[in-house]
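The values are calculated or read from the model by the stated rules, or taken from the named source; none is laboratory data. Computed from a prediction, not measured in an experiment: that's the story for all the values here. Note that each Cβ is placed from the backbone with ideal geometry, even for glycine, and that neighbours are counted across all protein chains shown. Each accessible area value is taken on the protein alone, full model and side chains, heavy atoms only, with ligands, DNA and RNA left out. Shrake-Rupley method; radii C 1.70, N 1.55, O 1.52, S 1.80 Å.
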Amino acid sequence: MIKVFNTMSRTKEIFKPLKAGEVSIYCCGVTPYNAPHIGNARPFVVWDAIRRFFAKSGCKVRYVQNFTDVDDKIIKAANKYGITWKDVAEKNIKAYFRSMDALNVRRADVYPKVSETMDDIIAMIQTLVDKGFAYVLDNGDVFYSVEKITNYGKLSGRKLSDMLAGARVEVDKRKRNPMDFALWKAAKPGEPFWDSPWGAGRPGWHIECSVMSLKYLGEKFDFHGGGSDLIFPHHENEIAQSQAALGDENSFAQYWVHNGFITVRKPEDKIVKSDGDDQVKMSKSAGNFSTVEGILNEYSGEVVRLFLLQTHYRNPLEFSKERLNEAKEFFGKLAKAYWQLDDMARRIHAGEFVKDTSEKNFAITVSQAGGLVEEAERLLANFYAAMSDDFNTALAITHMFELAKEIGGYYGDLVDGKILPVTIDGDIILRVRDIYMEMAGIIGLFEQPVPVEQAEQSDDETALIDSLMQIILMLRQEARAAKNWTTADKIRDALKTAGIVVEDTPQGAVWKRG
């Protein structure tokens, strides 16, 4: 049973898919007028983990994410740099994919663009005009009339009367109601435009997502997601125009899922001591953002991904180097278990850690490996329970870390000779590795090369490894001095297989992890 916090009901609900075994998702994408910042990345990493969870749970997932490639900000950037709006959009879409690939975000099934969906957008606006939910001004602008529906504001919990009381009438006196919003904007000099029944122009912001989600997912689909800043007015307006066009107030998205903001600390001179609030939302408009590509110059994509998922998606997430460094350290601990499992699997395959026994029918729990796999199965169940409770990646990662500690304890005892392995232990260890990688697969880790240096290592362990390597290199040098090239090469090749490269220099042999 999967529970989801639905913004519409403001409660956790049991998820009931429209089609058994299938999940349909629409997530509002970026407006590519600039390279994506870390705040932009959060919803896409979150939804990627949710998609992975559903897929691993046996569901067929269809995921749609748009690009708003026609927008005021894109036009402004194009005019500033003397290039076309399309050049601006395409350049930043490429930057988006570079960043998301680095964060292990899998590609959506469809990436519709506004510029490629214009006929469908015009058709939906015409439907709204024909049904009396929209009106056309003399200059060709088309507005949606919020007074034509009785439940406007149901997603955000706002009442139209309250919104009207606080509205500034001077915003646009041509509107019948200050809260009416644009469906179509008449063309202005120097702007891109498309022909329509109301004249040349381009669509408003909200209509595009209604059209693209309905086109690729149907009149009803399971999830609609995005950042909390989209609840009003964007998602509120999507619901109003979509359900009006379809003539069904139960159509469109069934579950609304919104992630919290990424915040940054205010400059000291901006903090008001009386309110104690030293955090502010990260945004491009505020100029306090960090691009994903800039962050990736200092941290690996998987560390950044872990940072984004270590906090529950609905909670605000503070961005700082301190938090990123904590994620890097945490990733090192998880990577250490990854390499320990890899090392045990390699040694098992090579016939090490295996002792023949004539006892073929003993219980699995008589060995410590049996106890380890039982703990791994328990933690896997807890992991899935966390993900099933409103996609709690933070708690799920905690269970993964618990398993990493159990793996480390077993590995240490094994290497120290405190455990007497038996034949069956090999298969058990491989099962533990499968469980660990199943967790990692949902969180989205270890899909890029994991340098051994990123695995957490204590000073004592580092010193021990250095000492052992010096002994090994000394033995190899003695073999070379005795012209026993076969033994010397055998040592070098064995080290290479273990991921250690030996280089002979005029000053002697040196080693590094390959």
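Within region 313-351, can you find the residues that are open to solvent by less than 60 Å² (accessible area, probe 1.4 Å) and assigned to a loop (DSSP other than H, G, I, E, B)?
Tyr313, Phe319, Ser320, Gly351
Considering only residues that are closer than 22 Å to Arg98 by Cα and among the polar types (S, T, N, Q), look in region 1-37 and name the one that is least open to solvent (accessible area, probe 1.4 Å).
Ranking the qualifying residues of region 1-37, first place goes to Thr31.
Can you pull out every residue in region 388-412 that is among the hydrophobic types (A, V, I, L, M, F, W, C), surrounded by 19 or more Cβ atoms within 10 Å (Cβ to Cβ) and either closer than 18 Å to Phe446 by Cβ or at pLDDT below 95 (or both)?
Matches in region 388-412: Ala396, Ile397, Met400, Leu403, Ala404, Ile407.
So for region 220-232 (the condition being assigned to a loop (DSSP other than H, G, I, E, B) and touching a strand residue (DSSP E or B) at 6+ places or on another chain (Cβ under 6 Å)), does at least one residue qualify?
For region 220-232, residues assigned to a loop (DSSP other than H, G, I, E, B) and touching a strand residue (DSSP E or B) at 6+ places or on another chain (Cβ under 6 Å): absent.
All but one of (1) touching a Ser or Thr at 6+ places or on another chain (Cβ under 9 Å); (2) within 26 Å of Thr68 (Cα to Cα) hold for Asn177, so report the exception by its number.
(2)
Quick grid of which residues meet (1) part of a helix (DSSP H, G or I); (2) within 23 Å of the chain's Cα centre (by Cα); (3) farther than 22 Å from Thr393 by Cα; (4) modelled with pLDDT of 95 or more:
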| position | (1), (2), (3), (4) |
| --- | --- |
| Tyr255 | no, yes, no, yes |
| Lys273 | no, no, yes, no |
| Val280 | no, yes, yes, no |
| Glu298 | no, yes, yes, no |
| Glu302 | yes, yes, no, yes |
| Arg305 | yes, yes, no, yes |
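Which helices (runs of 4 or more DSSP H) does region 13-111 wholly contain that include 1 or more residues that are modelled with pLDDT of 95 or more and closer than 29 Å to Gln310 by Cβ?
38-56, 85-102
Look at Asp466 and say whether it is open to solvent by 80 Å² or more (accessible area, probe 1.4 Å), charged (D, E, K, R), modelled with pLDDT under 85 and farther than 30 Å from Arg106 by Cα.
So Asp466 does not fit the description; no.
Residue check, Trp184 against (1) in contact with a Gly (Cβ under 7 Å, 6 or more places away or on another chain); (2) in a loop (DSSP other than H, G, I, E, B); (3) of a type outside the set (A, V, I, L, M), all met but one. Which one?
(2)
When you look at Met163, is it within 26 Å of Phe5 (Cα to Cα), aliphatic (A, V, I, L, M), buried (at least 17 other Cβ atoms within 10 Å of the Cβ) and modelled with pLDDT under 95, yes or no?
In short, yes.
Checking the condition aliphatic (A, V, I, L, M), within 33 Å of the chain's Cα centre (by Cα) and surrounded by fewer than 18 Cβ atoms within 10 Å (Cβ to Cβ), which residue from Val88, Val114, Val105, Val110 passes?
Val110
Can you work out which of the residues in region 38-71 that are touching an Asp or Glu at 6+ places or on another chain (Cβ under 9 Å) and of a type in the set (D, E, K, R) is least open to solvent (accessible area, probe 1.4 Å)?
Selected residue: Asp69.
Can you tell me which residue is most open to solvent (accessible area, probe 1.4 Å) among those in region 118-138 that are without any contact (Cβ under 8 Å) to a residue 60 or more places away in the chain and either among the hydroxyl-bearing types (Ser, Thr, Tyr) or over 17 Å from His206 (Cα atoms) (or both)?
Asp138
Could you count how many residues in region 205-231 are open to solvent by less than 40 Å² (accessible area, probe 1.4 Å) and either among the hydrophobic types (A, V, I, L, M, F, W, C) or in contact with a Lys or Arg (Cβ under 6 Å, 6 or more places away or on another chain) (or both)?
Of the residues in that region, 10 qualify.
Of the residues that make up region 52-75, is at least one among the β-branched types (Val, Ile, Thr) and free of Cβ contacts under 8 Å to residues at least 12 places away in the same chain?
Within region 52-75, not a single residue is among the β-branched types (Val, Ile, Thr) and free of Cβ contacts under 8 Å to residues at least 12 places away in the same chain.
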